[in-house]
Amino acid sequence: MMKKTIKTSKLGGLSQTPAVMLEGGNRSNIYKQLGPQTVIKDEVNNEHSVDKSKSKSSRLKSLDTFRGFSLTVMVFVNYGGGGYWVFQHAPWNGLTVADLVMPWFVFIIGTSVVLAFTSMHRKGVPWPQLLRKVTWRTIVLMLISFCFMNYSPRDGYLSWSWLRIPGVLQLLGFTYFVLALMQTFSSHREIPLREHYWWDPIQDLVLYWPEWIFIVLLETMWLCLTFLLPVPICPTGYLGAGGIGDYGLYPKCTGGAAAYIDRWLFGDNIFWYPTCKVLYRTTEPFDPEGVLGTINSIVMGFFGMQAGKILVFFRKKNKSVLVRFLIWALILGISAAILSKCTRDEGFIPVNKNLWSLSCVTCMGCTSFVLLGLMYFVVDIKEWWGGQPFIYPGMNSIFVYAGHSLLGFYFPFSWEMRFQDSHWEQLFQNIWGTALWVFIAYLLYRKKKSSKFDAAGIAGMSEKSL
């Protein structure tokens, strides 16, 4: 009695299963040889393996890791950073570790928007539906901030007497909204990698010229308002802290045009405790998340969008991705060095996170490209590291941010310290509180209860385009 056998063909060194061979038109013959149950089972197993491989690579782990790293540092800084000055915000010009995390987070928003919306476009999601998602997520961010972040000891949550109209989540939400609109109505979804014209190597820039014009106009507006807008009792173009700074010549000019615009729009409902208040003895309010700060936050997010486009359009060319990241880092780093003259206070435009100055944005864009490139190389290309533990808060960022802001001063995240004259207890307490939130994010990760809104951080969508 002869046994029925079937040969597996070879394609590129990989054997084809019967399910793959069904595409060749011999379905009836294979059914006769193996029987329908065997073939169907093989087809299901093949589809399952494809789906499994897709799901394994659907998220960009390095981006989640970068987001989680930024958020973890942010929580530690907000809890006090052990009382060390390097983990406190710079009083005015210059940067500390505390000043890095917010621009990093904005950069990540831009990258996430490109990856998420590319996935949506590939699925054929119509733009009205995308617009509804974007609008809803922006409104939710605003409501979270207004309802829970405006807390006062006297009135509790939703305190109108303590109301601050600008804020961290408001800035992130509006930045996300603008970047998402740019991506939603972008004229180019994909870049055909061809070599027909001289500008093909930079077509990820050339084909998106309307977005570049918009960003250039936006930055021009920031420059004009910052340096040309007349401000009462202050010199035009003033970028100082006011108070006793500049020999006490301009005590009520804290923030110059940026503060003037915010007070004109929002009145007293802005931040009354800026980082310059103690050192410079200022008496005027100043909000680092104000109107002009939000403009340059959008520019920072736009740099993140460029990283996202590089990851999408050169996803099969890891060397090209890393080289382009390096080029961007060099361009932005050199720009920051020129604008600041490599000094803290003597540059054309000093590096100032409070003002979201242009030199600060270019400097932070440089560090963002470097960090994301390193994490992409280590986590996604070489797979030397899975991103733990930062990947856990990176996939639950809104929950961790809101939770640590609301519960940070309650036990078990903090307690009344007994040794006020030493750093060790505060450092232990701050590390403990931060580690608790990382652990909570890990539990959510394990139970797969990452909220729908939180799945990609601020972008609100998973980066399933690589």
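Does Gly24 satisfy the condition of being crowded, with 16+ Cβ neighbours inside 10 Å and modelled with pLDDT under 95? Spelling it out, it is not the case that Gly24 is crowded, with 16+ Cβ neighbours inside 10 Å and modelled with pLDDT under 95. Can you find, within region 95-128, the residue that is least open to solvent (accessible area, probe 1.4 Å) among those that are of a type outside the set (A, V, I, L, M, F, W, C) and free of Cβ contacts under 8 Å to residues at least 12 places away in the same chain? Ranking the candidates gives Thr96 first.
Ala98 satisfies every condition listed in (1) at pLDDT 90 or above; (2) part of a helix (DSSP H, G or I); (3) out of contact with any Phe, Trp or Tyr (no Cβ under 6 Å at 6 or more places or on another chain) except (3).
Being open to solvent by 10 Å² or more (accessible area, probe 1.4 Å), closer than 25 Å to Phe214 by Cβ and either free of Cβ contacts under 8 Å to residues at least 60 places away in the same chain or in contact with a helix residue (DSSP H, G or I) (Cβ under 9 Å, 6 or more places away or on another chain) (or both) is true of Glu289. Note on region 406-437: residues that are open to solvent by 40 Å² or more (accessible area, probe 1.4 Å) and among the polar types (S, T, N, Q) amount to 3. Of all residues in region 189-231, those that are open to solvent by less than 60 Å² (accessible area, probe 1.4 Å) and either modelled with pLDDT under 80 or small (Gly, Ala, Ser) (or both) total 8.
Scanning region 311-360 for residues that are among the aromatic types (Phe, Trp, Tyr), in a loop (DSSP other than H, G, I, E, B) and closer than 28 Å to Leu292 by Cα returns Phe348, Trp356.
Scanning region 378-394 for residues that are open to solvent by 30 Å² or more (accessible area, probe 1.4 Å) and within 12 Å of Phe66 (Cβ to Cβ) yields Val378, Asp380, Phe390. For region 318-327, the criterion of being under 25 Å from Thr220 (Cβ atoms) and among the hydroxyl-bearing types (Ser, Thr, Tyr) is satisfied by no residue at all. One residue alone among Arg344, Arg324 is in contact with a Pro (Cβ under 8 Å, 6 or more places away or on another chain) and open to solvent by 40 Å² or more (accessible area, probe 1.4 Å), and that residue is Arg344. Looking across region 73-89, just one residue is open to solvent by 20 Å² or more (accessible area, probe 1.4 Å) and touching a Pro at 6+ places or on another chain (Cβ under 9 Å), and that is His89.
Kindly indicate whether Leu406 is part of a helix (DSSP H, G or I), modelled with pLDDT under 90 and of a type in the set (A, V, I, L, M). It is true that Leu406 is part of a helix (DSSP H, G or I), modelled with pLDDT under 90 and of a type in the set (A, V, I, L, M). A count restricted to region 245-266 and to residues that are touching a residue at least 12 places away in the same chain (Cβ under 8 Å) and more than 30 Å from the chain's Cα centre (by Cα) stands at 5.
When you look at Gly365, is it at pLDDT 95 or above, surrounded by 24 or more Cβ atoms within 10 Å (Cβ to Cβ) and in a helix (DSSP H, G or I), yes or no? Before you say what the answer is, go through the steps one by one.
Details: at pLDDT 95 or above: yes; surrounded by 24 or more Cβ atoms within 10 Å (Cβ to Cβ): yes; in a helix (DSSP H, G or I): yes.
Criteria met by Gly365.
Only one of the numbered conditions (1) of a type in the set (S, T, N, Q); (2) within 27 Å of Leu163 (Cβ to Cβ); (3) over 17 Å from the mean Cα position of the chain (by Cα) is violated by Ser335, and that is (2).
The numbered conditions (1) surrounded by 20 or more Cβ atoms within 10 Å (Cβ to Cβ); (2) without any contact (Cβ under 8 Å) to a residue 40 or more places away in the chain; (3) not in a helix (DSSP H, G or I) are all true for Trp92 except (2).
Taking region 395-405 as the range and being under 17 Å from Phe76 (Cβ atoms) and crowded, with 21+ Cβ neighbours inside 10 Å as the test, the residues that pass are Asn396, Ser397, Val400, Tyr401, His404. The set of residues from region 337-381 being among the polar types (S, T, N, Q) and more than 21 Å from Val101 (Cα to Cα) comprises just one member, Thr343. Residues of region 257-286 being in contact with a Cys (Cβ under 9 Å, 6 or more places away or on another chain), of a type outside the set (D, E, K, R) and open to solvent by 10 Å² or more (accessible area, probe 1.4 Å), which ones? The one that is in contact with a Cys (Cβ under 9 Å, 6 or more places away or on another chain), of a type outside the set (D, E, K, R) and open to solvent by 10 Å² or more (accessible area, probe 1.4 Å): Tyr260.
The values are calculated or read from the model by the stated rules, or taken from the named source; none is laboratory data. Bear in mind the structure is a predicted one, so any value in this text is a computation, not a measurement. For neighbour counting, all protein chains shown are included, and Cβ atoms are generated from backbone atoms with ideal geometry for every residue, glycine included. Side chains included, ligands, DNA and RNA excluded: accessible areas come from the protein's heavy atoms. Shrake-Rupley method; radii C 1.70, N 1.55, O 1.52, S 1.80 Å.
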